[in-house]
C-alpha cells in the first residue's frame, strides 16, 4: 500500500456532486490537491482524470481510503450502508457524508472506527468554487476542503442541517416554475427558444442581485414591487391561492422523510 498523501481527498461515488467538487478543487488552480476517485461511475471518473492531472481513478473504494485520509461519500443514501460497511476504516479517517438523510449516528456505526464523521450539503456551484456548503459538526479538514470550493455554513445542530438539506429539494420546483413562465410566453406568441432565453435572462439577473446584495429577502421583495403594480398583483394572487403554504407543507414532508 502506498503512503497516504498529505492534503489528498478521496471520493466514494462519482456522480454530479463529486464531479462539481473535483472541478472546483482542480480547475485553474495553481497547486491542486491530489484527488482519488472510486471506480463507481467509471466514465465520470475517467473524464475527470483526463481533464485534471491531479485526479486518479482507483481500482476499488478501499484504495480510495488507503490513499486519502479525508473522503467524501457521495453515493445514494439507499446504498450507503452496504458501501460503507464493506470498507476498512481507521481512526485517522475523516468521513464526509454527502448522503441526504443519513444521520451521524448511522454513519458512526457504518464507518467505525473512523475518528471523525461530518455531514455536508455541497452544492453544484462547487464547480465554480461558489458553493456555500452547510456541514455539521465543524471539522477543520472538512472546512478546509469546502473552503477551497466556496464558503462554509455550520448550523448549531444536526436537526438544523436536516432543514437546510430539505431546502435543497426546491431546486427542481424552481426550474419548473421558470418553465411555466417560459411556456406561458410561448403560448402568447413568442418563439419557444426566445421565451426560454428571456426567462433565463431575467431570473439570472435576479440571481446575481441575490449573490451580490446584502439586503434581506423581505427587503428585496419590497424593492421589486410597486404598491398597486403588477408584481404586487401576481404575488398577492399566489399568496391568496395558497402557494406559500403549499411550499411550507411540501418542505415539512421532505424534512419528515429526511428524519425518518
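The values are calculated or read from the model by the stated rules, or taken from the named source; none is laboratory data. As the structure is a prediction and not an experimental result, all values here were calculated from the model. Please note: Cβ atoms are built from the backbone with ideal geometry, for glycine as well, and neighbour counts cover all protein chains shown.
When residues of segment 84-103 are filtered for being touching a strand residue (DSSP E or B) at 6+ places or on another chain (Cβ under 6 Å) and closer than 28 Å to residue 172 by Cα, how many remain?
3
Checking the condition in the same structural domain as residue 104 (by TED's automatic domain parsing) and surrounded by 15 or more Cβ atoms within 10 Å (Cβ to Cβ), which residue from 16, 30, 82, 20 passes?
On inspection, the qualifying residue turns out to be 20.
With a cut-off of at least 3 residues that are within 28 Å of residue 258 (Cα to Cα) and in contact (Cβ under 8 Å) with a residue 60 or more places away in the chain, name the strands (runs of 3 or more DSSP E) lying wholly within segment 1-83.
Answer list for segment 1-83: 9-12, 70-73.
Could you list, in sequence order, all residues of segment 181-201 that are free of Cβ contacts under 8 Å to residues at least 12 places away in the same chain, surrounded by 12 or more Cβ atoms within 10 Å (Cβ to Cβ) and assigned to a helix (DSSP H, G or I)?
Result: 184, 186, 192, 194, 197.
Quick check, is residue 123 closer than 26 Å to residue 69 by Cβ, touching a strand residue (DSSP E or B) at 6+ places or on another chain (Cβ under 8 Å), crowded, with 16+ Cβ neighbours inside 10 Å and not assigned by TED's automatic domain parsing to the domain that holds residue 26?
Answer is no for this residue.
Answer yes if at least one residue in segment 108-124 is closer than 13 Å to residue 12 by Cα and assigned to a strand (DSSP E or B), and no otherwise.
no
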